[in-house]
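I have a structure I would like to understand better, so I am pasting it below and will then ask my questions one at a time.
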2 protein chains.
Amino acid sequence: MKNQFDTILLGHGSGGKLSHDLISELFAKHFDNDILRQQSDSAIIENPGNQLAFTTDSFVVDPIFFPGGDIGKLAIAGTVNDLAVSGAIPEYLSVGFIIEEGFGFKDLERIVITMADEAKKAGVKIVTGDTKVVDRGKCDKVFINSSGIGILDKKDTHIISGSRIKVGDQIIINGSIGDHGMAVMAARNELNITADISSDCACLHKMIGSAMEASSQIKFMRDATRGGLGTVIAELAKGKDFGIHIHEDQLIVNDGVRGICELLGFDPIYVANEGKVVMVVAAEDAQHVMKALKKHETGKNAAIIGEITGDHKGKAWLETQVGGKRIIEMLSGQQLPRIC
Amino acid sequence: MKNQFDTILLGHGSGGKLSHDLISELFAKHFDNDILRQQSDSAIIENPGNQLAFTTDSFVVDPIFFPGGDIGKLAIAGTVNDLAVSGAIPEYLSVGFIIEEGFGFKDLERIVITMADEAKKAGVKIVTGDTKVVDRGKCDKVFINSSGIGILDKKDTHIISGSRIKVGDQIIINGSIGDHGMAVMAARNELNITADISSDCACLHKMIGSAMEASSQIKFMRDATRGGLGTVIAELAKGKDFGIHIHEDQLIVNDGVRGICELLGFDPIYVANEGKVVMVVAAEDAQHVMKALKKHETGKNAAIIGEITGDHKGKAWLETQVGGKRIIEMLSGQQLPRIC
């Protein structure tokens, strides 16, 4: 973009000429595709298929840049993953920016380029968008909403409800826990922590696609974001006629993550991930799914971490490394604000 | 909701138990429908049709309550209207809340109830959502993103591009201009203006549906929101092989709106509307469309305000009440921040 603005002005959200310039010289330039090029208030999508998945997420992470990603990568990956865990193939995204007056144009451009790259790699199109600018001090740099549409080929909607889960099914996660939350915490200036931690922020739909090809017995999937693994399994067990048993010694917690968790008093089981999916898979297919996951970089450390049990109905519980038992409740109260 | 919280806490955005309670006791309660009830990260939509419209908008209006509406009504109407002007029937909405820590629960509930009522009246379903909470001072009360999916029955995508517009076509708007922008301005405490002005914020899809039934010769539609009527017609004319001629004496500007505009130095042609659609219609069908619009409360003051001309190509221009001519440029710079 020309030097006409180094920072975002209120006028960039006016709907007039400055908005028009920002759209054409930044968003349209980087996000370019056949549908976005219509430049209409609504994108038109042809032949969307018989069944769609539709999701939305807003991102308010602080700081906006952190080891392993930024708010833009988070927006794309978060939306892609929400669609993928519903069994859908992610196809079309919207992006809505709320920008603070005075935000640096170069930072915005860096985020937009990340989003464009991530969308391209993921094979999804950003087809419609919106930009609002609020006066200085009325938001924090930039917030991004991303909504998404995915296509369900196989009518696998039972994956959402977990209605086919049975005693003996295995619980799989595709790697270490807590990386995203602790990477963001470590990146907060005031904490002054230096640690070798990187967010696991990644699009998982290709890996999930491989797993679904390898087995028709995947009975539940959920990305373990805010609230972490603990909240996913506590929520899944709640009110159900089965229990969920997790083996602590099967959970992978990277050294840096463990270190900060101990320092700050967090339990990694509740710390947010942005590249982790929890799956419930029929026992006979667990090894097929593991093999499919491990073919992908995002799944190379996949592990079977527990199973569905007939006892402890309605509860998720952890068998600790020293052989104790602990009920895993949903995260109560605030743990980590603005982690995504 | 129980008295457990009078205000929104950071924990309501944690993804844990408080988030869960907020969803089940506020959002799920008021927005309830068969798809939302799946309580999944993605809503599943069956048989969506052959062609979809997909749109997104974020709302950051200040103040959040104003005569004629609030931020919630704006979110629903804005998204419904973006779909409707694409020729689509609005069907499914997502809502994403970004809430400031300490925001009053009663205010949030009031907004949610407005949204639920407006969606119900409009015949659209809120099928998926997201809530983030940011620390005090990091946003301004509440911001709402609403994305929407509409269904195109008639493959009327030419309406988006305006590709069939011809010299002689008539320009129609469904009533007075500038009401929304000036109602919001008047509601800002610091201005201390008392005026009898109300936002025109309304869902227009039923009125637009009637117009489309009355004529297959509607060649362009756009809701005249940020940037106002002026920006819509300047954008439409830009680079085209025709001009747009607007008759100032046909424009309706309510007295209160005119008064504040004069006081504050605004040109009503650039002031935001939230219930106005600009249409380009073949001359022979203009009266059919006018009749259809006037059947609706939102269109009772519809007027033919101008026409497509062979001269002044690429420009929109206003014939003033005293017979002068003025080129209508796109709004440049900031006029009214946070009007929607």
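The values are calculated or read from the model by the stated rules, or taken from the named source; none is laboratory data. Everything numeric in this text was worked out from a predicted model, so none of it was measured. Glycine gets a Cβ as well: all are built from the backbone with ideal geometry, and neighbour counts include every protein chain shown. Only protein heavy atoms, including side chains, enter the accessible area calculation; ligands, DNA and RNA are left aside. Shrake-Rupley method; radii C 1.70, N 1.55, O 1.52, S 1.80 Å.
What is the average number of partner chain Cβ atoms found within 10 Å of a Cβ in B:64-74? Mind dumping the intermediate values first?
Working: counts 0, 0, 0, 0, 0, 0, 0, 0, 0, 0, 0.
The mean count of partner-chain Cβ atoms within 10 Å per residue comes to 0.
Which one of A:GLY306, A:GLY323, A:GLY256 has the biggest mean-square fluctuation once chain A is modelled by GNM with Cα springs under 10 Å?
A:GLY323
Rounded to the nearest 100 Å², what is the sum over both chains of accessible area buried where B meets A, with a probe of 1.4 Å?
Details: alone 15460 and 15510 Å², together 25110 Å².
Answer for the B-A pair: about 5900 Å² buried.
Among A:ALA214, A:TRP317, A:LEU251, whose Cα projects farthest towards the positive end of the dipole of the stretch A:200-326, with charges put on the beta-carbon of Lys, Arg (+1) and Asp, Glu (-1)?
A:ALA214
Express the relative contact order of chain B as a whole percentage, based on alpha carbon pairs under 8 Å and six or more residues apart in sequence. Could you put the intermediate results ahead of the total?
Working: 767 pairs, mean separation 75.3, N = 340.
Rounded, it is 22 percent for chain B.
Further question on the same structure: Determine ³J(HN,Hα), in whole Hz, for all residues of the stretch B:245-252 in sequence, where each value follows from phi through the Karplus function 6.51 cos²θ - 1.76 cosθ + 1.60 and θ = phi - 60°; x replaces Gly and Pro.
In residue order, the calculated couplings are 10, 10, 9, 4, 6, 8, 7, 9 Hz.
Shifting gears a bit: Where the label is 7 Å out from Cα toward Cβ, how close does A:THR7 come to the same position in every other copy, in nm, shortest first?
Taking the point 7 Å beyond Cα along Cα→Cβ, the inter-copy spacings are 2.9 nm.
Provide the FRET efficiency to the nearest 0.05 for the A:ALA283-B:GLU297 pair, computing r from the beta carbons and using R0 = 60 Å. Don't jump to the answer; show the numbers that get you there.
Numbers: r = 62 Å, r/R0 = 1.03.
Rounded to the nearest 0.05, the efficiency is 0.45.
Using amide H atoms built 1.01 Å from N in the peptide plane, name the residues 5+ places from B:LEU318, or on other chains, whose amide H lies under 5 Å from its own.
Under 5 Å from the amide H of B:LEU318: B:ILE246, B:ARG326, B:ILE327, B:ILE328.
If the cut-off is a Cα-Cα distance under 16 Å, which lysines reach A:LYS294, setting aside same-chain residues fewer than 8 apart in sequence?
Correct list for A:LYS294: A:LYS206, A:LYS276.
Can you give me the % of accessible surface on the stretch B:78-182 that is carbon or sulfur? Probe 1.4 Å, all protein chains present, nothing else counted. Spell out each step's value before the answer.
Values: 1460 of 3130 Å².
Answer for the stretch B:78-182: carbon and sulfur cover 47 percent of the accessible area.
For B:ARG188, place a label point 7 Å out from Cα along the Cα→Cβ vector, do the same in each other copy, and report the separations in nm, one decimal, smallest first.
Inter-copy label distances (nm, one decimal, shortest first): 3.3.
Choose one of A:GLY13, A:ILE35, A:PHE103: the residue whose Cα lies farthest towards the positive end of the charge dipole of the stretch A:1-131 (beta-carbon charges +1 Lys, Arg; -1 Asp, Glu; about the Cα centre).
Highest projection toward the positive end goes to A:ILE35.
Next up: With charges only on Cβ, +1 for K and R and -1 for D and E, what is the dipole size of the stretch A:10-156 about its Cα centre, in debye, rounded to 20? Walk me through the numbers before you get to the answer.
Working: 15 positive and 22 negative charges, 21 e Å.
That gives the stretch A:10-156 a dipole magnitude of about 100 debye.
Here's something else I'd like to know. Taking B:PHE65 in one copy and the same position in all the others, each labelled 7 Å out along Cα→Cβ, what are the pairwise distances from the first, in nm, shortest first?
Reported distances to equivalent positions: 4.2 nm.
Rounded to the nearest 20 debye, what is the charge dipole size of the protein assembly as shown about its Cα centre when +1 sits on each Lys and Arg Cβ and -1 on each Asp and Glu Cβ? Numbers along the way, then the final one.
On the way: 72 positive and 90 negative charges, 149 e Å.
Roughly 720 debye, rounded to the nearest 20.
Would you mind pulling out the separation of the Cα centroids of the stretch A:281-321 and the stretch A:29-103, in Å?
That distance is 29 Å.
Mean Kyte-Doolittle of at least -0.5 plus a Cα span of 20 Å or more along the axis: flag which DSSP H helices in chain A meet both, please.
Details: long enough: A:105-122 (25 Å, -0.21).
Passing helices, by number: A:105-122.
Now, a different point. Per DSSP helix of 4 or more residues, -39500 (n - 2.57); summed, then divided by the residues of the protein assembly as shown. What does that give at 222 nm, rounded to the nearest 500? Intermediate values should be presented prior to the final figure.
Details: 20 runs with 188 residues, N = 680.
Here the helix-only value at 222 nm equals -8000 deg cm²/dmol.
What value does the stretch B:10-156 have for Rg/Rh, both radii from Cα atoms and Rh as Kirkwood defines it?
On the way: Rg = 15.2 Å, Rh = 15.6 Å.
That ratio is 0.97, to two decimals.
Moving on. How large is the charge dipole for the stretch B:194-340, taken about the Cα centre, if only the Cβ atoms of Lys, Arg (+1) and Asp, Glu (-1) carry charge, to the nearest 20 debye? The partial results should precede the final answer.
Working: 17 positive and 19 negative charges, 65 e Å.
Using Cβ point charges on Lys, Arg, Asp and Glu, the stretch B:194-340 gives about 320 debye.
Right, here's the next one. Can you give the mean number of other chain Cβ atoms that lie within 10 Å of the Cβ atoms in peptide A:141-150? If you can, show how the numbers build up before the last one.
Values: counts 1, 0, 10, 2, 13, 5, 14, 5, 8, 2.
For this peptide, the per-residue mean of nearby foreign Cβ atoms is 6.
Also, I was wondering about something else. Could you state the number of Å between the C-alpha centres of the stretch A:252-273 and the stretch A:158-203?
If we compute the Cα centre of each part, the gap is 10 Å.
Just to verify a number: what accessible area does B:HIS245 come out at with the full protein assembly present, 1.4 Å probe, Å² rounded to tens?
Approximately 20 Å² of B:HIS245 is accessible to the 1.4 Å probe.
At 1.4 Å probe size, with every protein chain present, just tell me what the per residue accessible area of chain B comes to in Å².
On the way: 12530 Å² over 340 residues.
Accessible area per residue: 37 Å².
Given the pairs A:LYS138/B:LYS121; A:LYS132/B:LYS219; B:LYS29/B:LYS73; A:LYS17/A:LYS132, which are separated by over 21 angstrom at their Cα positions? Walk me through the intermediate numbers first.
On the way: A:LYS138/B:LYS121 32 Å; A:LYS132/B:LYS219 29 Å; B:LYS29/B:LYS73 18 Å; A:LYS17/A:LYS132 14 Å.
Correct reply: A:LYS138/B:LYS121; A:LYS132/B:LYS219.
Identify, among B:GLY129, B:THR194, B:VAL184, the residue whose Cα sits farthest towards the positive end of the charge dipole of the stretch B:118-206, taking +1 on the Cβ of Lys and Arg and -1 on the Cβ of Asp and Glu, with the dipole about the Cα centre.
Of the listed residues, the answer is B:GLY129.
So what J values fall out for the stretch A:195-204 if you push phi through Karplus, 6.51 cos²θ - 1.76 cosθ + 1.60 with θ = phi - 60°, rounded to Hz, Gly and Pro as x?
8, 8, 10, 9, 4, 8, 2, 6, 6, 10
Only residues of the stretch A:13-43 count here: report those whose backbone N is under 20 Å from the spot 7 Å along Cα→Cβ of A:ASP117, or say none.
Backbone N within reach: A:26-33.
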